[in-house]
Structure formats: C-alpha cells, structure tokens
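Here's the structure we're looking at; comments come further down.
The values are calculated or read from the model by the stated rules, or taken from the named source; none is laboratory data. None of the values given here were measured: they were computed from a predicted structure. Quick reminder, even Gly has a Cβ in these numbers, built from the backbone with ideal geometry, and neighbours come from all protein chains shown. Accessible surface is based on the protein model in full, side chains and every heavy atom, while ligands, DNA and RNA are left aside. Shrake-Rupley method; radii C 1.70, N 1.55, O 1.52, S 1.80 Å.
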Amino acid sequence: MEKNFVMILLVFIPILCLAQSREVKSTLEFKIKNRKYLKNADGWSLNKETREWVKNENFIYHEKLDFIPSFIYNNIDSIWFDKIVYKNDTLFGMFAYKTTGYYKYPSIQEDWITVNELRYTLFLKEDYKVLNKVFSQHSEEVFLIPTFFSGKITDKFDELTERRLLIEIEENLDKDLPKLTEIRNNWETTKSIRKKYKNDYGKYFEDESYLLSIYYFPITNQVVDEKEVVRFEYLTGKYSMEDVLKERYFEVPSKQFSQLLIE
C-alpha cells in the first residue's frame, strides 16, 4: 500500500507543477477609486505666418482641422490623476490616453499607421503638492512641475489595460531606483528649481547638474476675459522653456481642471 501511495505522488506532483499560473502580475495598484477625467480641452496655437490664434478641440496645431492628427504630440483623449505606492514611496501620476502612430517603413517615411497610446508621468509627492499652489492664486506665472519618470504603452501589439500599465511602471521603477534615491538625497540642493518660474527661465538653469528631471509639466492658473482658466501642456523638455505656454497650450476652466486633483 505504501509503495502504491508513493507511485500516486510521483504521478500527481508533475501535474500540479504544470498547473501553476504563468501570468505576470504587478505589486502596484491604483489608489483612487473614484477618478475624475478631463475629456475636453481647447488647444490653442499661434500661427507664426498669419499671427492669428488657432483653436482645435483636444489637440494643439497651427491649422484648423476637423480630426485629431495622430502625428501631433500634443493631443489627448482624456487625462486623469492617480497615485501608487512603490517601496514605501507614494508617487503621484498623471495619465493620458492619446492617439499616435508610426511609419511602417520609417527609413522612407511611408505607410503611417495609427495606434492608441496610454502615457504616464510620475511625480514625487512633494512636487505634486505644487499643484495646490497653482490654484491658490491667479497670475500669469508659470509653474514647472518636475517629473520623476514618464513612459507609455501602446496597442501596437496588445490591448491597452491597466494591468499592462502597472507592470510597465513597476519594471521601469525597479531599473530606475538609483534615480529616485539621487533625488531624495539631493532634495535640499535642488529645491531652487522646484518653484514657480517667471518669464526669465534661463537664470534657473545655469547649473545643469541640478537638473535631475528631463521633463516638466507646465501649468498656470489665471483670469482671462473675466474667466478663470488653466493653461497647460502635457509635458515640456528642459531645453524648450523659452516660449512655454506663450504660443501654444491647452486651456480649460479652472474649476474643471481642479476637480482632477486627488490631494
């Protein structure tokens, strides 16, 4: 009987091993249960030839179009904020669905293929709190909120899901943990760049060793034609600050944008 029992175990153990799941999972999860989405924004661009302002819905372009062009970076389908906890650090995220694409034959730039994209931008908690300051005043001053990390997934090969997104974020954070540590250790040193920026951006960027962020989220809250509005771009690079929010921006009512904030 004992011999037969051992044989049964030998038969069943391999079967149980093969039944283990191969699904890749993330330890991260979104913390906000009732999200607010921004799905409509006026995109304004100054046409440099005609010197006239051009408005398009949900994208920024210097010509009036009746469709969202996938070749334009500044287009959005929806934007929302959420937060995740990664190794005891709370990171705040700005997420956006948008339309993009690629050339099937990039070397000769032929056969453009449109795809959907889910983009994420992560902020440290201390930087995200600057958004509260944005809504505490009305002025033309521009806040440049430094990002910790940004990336994207597309439906080129697989559908867009939040599970895919969280796996992507966690894998990249695992690789970039030294960057997070560097920012933490140099928090006091880099404090001067995490403040509201006035018209002369150059003086804040004389020593590039302090620039730990490559991209910034530019935003301003002001009164225009007796209406309180928010102007922003999705992201801007540290080398394109001169005309930020001067000749192109999204514009929405301040109340509508403030409803997105999660803290």
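Note on Glu263: accessible area is roughly 100 Å² with a 1.4 Å probe, heavy atoms of protein only.
Per-residue counts of other Cβ atoms within 10 Å, averaged by peptide: what ranking do you get for 116-128, 50-62, highest first?
On the way: 116-128: 19.8, 50-62: 15.7.
Sorting 116-128, 50-62 by mean packing, highest first, produces 116-128, 50-62.
Going 7 Å from the Cα of Phe157 along its beta-carbon direction, which residues of the stretch 87-109 have the amide nitrogen within less than 19 Å of the resulting point? Output list for this probe position: 100-106. Protein-only accessible surface at a 1.4 angstrom probe places the residues Thr27, Thr220 in the order Thr27, Thr220, largest first.
So, by mean Cβ neighbours within 10 angstrom, what's the order for 87-93, 132-138 with the highest one leading? The partial results should precede the final answer.
Numbers: 87-93: 15.9, 132-138: 13.6.
Highest to lowest by the protection proxy: 87-93, 132-138.
Legend: distances between Cα atoms for Lys133/Lys227; Lys104/Lys129; Lys48/Lys133; Lys98/Lys125; Lys33/Lys129; Lys152/Lys227; pairs beyond 30 Å are Lys104/Lys129; Lys48/Lys133; Lys152/Lys227. Subtracting the Cα-Cα distance of Leu65 and Lys104 from 0.36 nm times their residue separation leaves 11.6 nm of extension gain. For the peptides 95-102, 171-178, the ranking by packing is 95-102, 171-178, with the highest mean count of neighbouring Cβ atoms within 10 Å listed first.
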